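Taken together, the values in this text are just the output of simple stated rules run on the coordinates, not laboratory data. The structure displayed is predicted, hence computed values, not measured ones. Positions of Cβ are backbone-derived with ideal geometry, glycine not excepted, and every protein chain shown enters the neighbour counts.
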Amino acid sequence: MKHYKSWSGLKKQLTELLCEPLKYRITYFLTRYHKVHNSYGRASIRLDGKELVIFSWTAAYKQEHDVYNRWKETGEWDYNAPELKRKWNQEATLSDYDFLKAATDFLQLSIEEALESENYLIRVFAIMDKRVGKRTLEAISESEEYKSYPSWVRQFYELRLGISLCR
């Protein structure tokens with residue numbers, strides 16, 4: 001994960017990149033429970049105060065369980081196994097650390113790279129980005145590829161496309 005100085009600074013960077021119609025509607029949330037073993041945490045992306053997707057420390061346990069089951073089958077202990085990454089991405093089995101990693105990675109990518117990322121969370125950040133132009137949004141809408149994405153991702157595409165195509 002790329003280093004970041006503070007959550008408030010990272011949140012500010014992400015918020016500044018939101019397209020104008022979403023700038024005051026989308027908020028990013030992260031907290032750490034410092035008094036709990038391992039400083040468990042929780043993150044979410046909210047629309048008008050309602051959580052659309054949650055990234056919690058409990059997902060890390062689900063990921064560990066999947067890695068353990070894979071180890072029993074293959075003898076390999078690998079958190080980076082492509083099939084596991086795909087499964088977690090598809091099911092939104094992502095922890096607060098996954099959220100932070102995607103956020104910091106997103107800030108290092110061009111908008112074109114972010115829109116094509118294998119990481120759905122990076123795509124979520126990208127589709128809400130003000131650098132995505134009208135022609136790109138029209139191309140995304142016409143291709144309808146986003147309709148094959150998991151529902152937790154698709155909702156962000158539908159939100160952005162709905163706002164942009166209404167104008």
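Some observations on this one:
- Subset of the stretch 100-110 that is surrounded by fewer than 17 Cβ atoms within 10 Å (Cβ to Cβ) and of a type in the set (A, V, I, L, M) - its residue that is nearest to GLN13 (Cα to Cα): LEU107
- Within the stretch 32-78, if we keep just the residues that are aliphatic (A, V, I, L, M) and in a strand (DSSP E or B), the residue that is farthest from the chain's Cα centre (by Cα) turns out to be LEU47.
- Of all residues in the stretch 10-30 being touching a Lys or Arg at 6+ places or on another chain (Cβ under 7 Å) and aromatic (Phe, Trp, Tyr), the one that is farthest from ALA126 (Cα to Cα): PHE29
- Helices (runs of 4 or more DSSP H) lying entirely in the stretch 79-134 (those with 2 or more residues that are in contact (Cβ under 8 Å) with a residue 40 or more places away in the chain): 82-91, 96-106, 120-127
- Tabulated pairs, the stretch 9-28, first without any contact (Cβ under 8 Å) to a residue 40 or more places away in the chain, second exposed (fewer than 13 other Cβ atoms within 10 Å of the Cβ), C-beta under 6 angstrom, 6+ apart or interchain: ARG25/ASP48
- Condition broken by LEU137, with the remaining ones in (1) under 28 Å from TYR40 (Cα atoms); (2) part of a helix (DSSP H, G or I); (3) touching a residue at least 24 places away in the same chain (Cβ under 8 Å); (4) of a type in the set (A, V, I, L, M, F, W, C) satisfied: (1)
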